[in-house]
Each structure stands twice: as C-alpha cells, then as structure tokens.
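Written below as structure tokens is the structure these notes are about.
The values are calculated or read from the model by the stated rules, or taken from the named source; none is laboratory data. If you're wondering where the values come from, they're calculated on a predicted model, not measured in any experiment. We place every Cβ from the backbone using ideal geometry, glycine too, and count neighbours over all the protein chains shown. The protein model used for the area step is the full one, side chains on, heavy atoms only, and it has no ligands, DNA or RNA in it. Shrake-Rupley method; radii C 1.70, N 1.55, O 1.52, S 1.80 Å.
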Amino acid sequence: MRRNYHSPAILVIILIVGLLVGGALGQALGGFAPILSKGMNIGLATTKLDLGIISVTFGLDISFNLAAALGLIIAILLYQRM
C-alpha cells in the first residue's frame with residue numbers, strides 16, 4: 001500500500017505560484033475581460049518607527065483579483081492530485 005505524504009512546504013509553494021500566475025494573467029487579460037482584473041487590496045498602511053539612530057518602515061499590501069482566486073483554486077486541485 002502506497003502512502004501519500006504531502007509536505008506543507010510544497011503546498012505553500014504551489015499556492016504562491018498559483019496566486020502569482022493567476023494575478024499576472026488577471027492583469028494581462030484585464031483589457032480583454034475586465035472582470036478578471038477586478039479585486040481588492042488587503043494590507044497595513046506604511047508605518048515608520050524612528051528611534052534617532054535607526055529608522056524602520058513597516059507595511060504590507062496584497063492585491064487580490066478574481067484571476068488570482070481562480071489560480072489559487074487550480075493550485076489546490078493540482079496539489080490534491082499529486
């Protein structure tokens with residue numbers, strides 16, 4: 001009996017690739033099918049911490065569109081088939 005072992009690291013890599021490919025396709029095909037480029041931004045505003053000697057800036061912004069969601073779903077299906 002063969003045992004299926006799926007590594008969490010492989011899952012994360014596949015999900016990130018699915019999001020990146022889907023997002024890039026959504027931006028590239030947004031002129032032909034505008035629904036693919038519709039999305040939302042999730043994130044934190046840029047915050048600056050100035051301690052006199054050192055200055056650190058924090059921030060995170062994630063753009064998520066419909067094509068990225070489709071890429072994520074396809075990546076999950078591919079991972080399950082592995």
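Return the only residue of Gly31, Gly59, Gly18, Gly22 being assigned to a loop (DSSP other than H, G, I, E, B) and either at pLDDT 85 or above or in contact with a helix residue (DSSP H, G or I) (Cβ under 9 Å, 6 or more places away or on another chain) (or both).
Details: Gly59 fails: assigned to a loop (DSSP other than H, G, I, E, B); Gly18 fails: assigned to a loop (DSSP other than H, G, I, E, B); Gly22 fails: assigned to a loop (DSSP other than H, G, I, E, B).
Exactly one residue qualifies, and that residue is Gly31.
Name the residues in the stretch 45-67 that are surrounded by 10 or more Cβ atoms within 10 Å (Cβ to Cβ) and in contact with a strand residue (DSSP E or B) (Cβ under 7 Å, 6 or more places away or on another chain), would you? Even if it seems obvious, please write down each step before you answer.
Filtering the stretch 45-67 down to residues surrounded by 10 or more Cβ atoms within 10 Å (Cβ to Cβ) leaves 46, 58-59, 61-67.
Listed by number, the residues that qualify are Thr46, Phe58, Gly59, Asp61, Ile62, Ser63, Phe64, Asn65, Leu66.
Mind listing just one residue for me: the one in the stretch 31-44 that is in contact (Cβ under 8 Å) with a residue 12 or more places away in the chain and open to solvent by less than 100 Å² (accessible area, probe 1.4 Å) and, of those, farthest from Leu19 (Cα to Cα)? Let's see the steps before the verdict.
Quick first cut of the stretch 31-44, residues in contact (Cβ under 8 Å) with a residue 12 or more places away in the chain only: 35-44.
Next cut, open to solvent by less than 100 Å² (accessible area, probe 1.4 Å) only: 36-37, 39, 42-43.
Details: Leu36: 13, Ser37: 13, Gly39: 13, Ile42: 14, Gly43: 16 Å.
The extreme case among them is Gly43.
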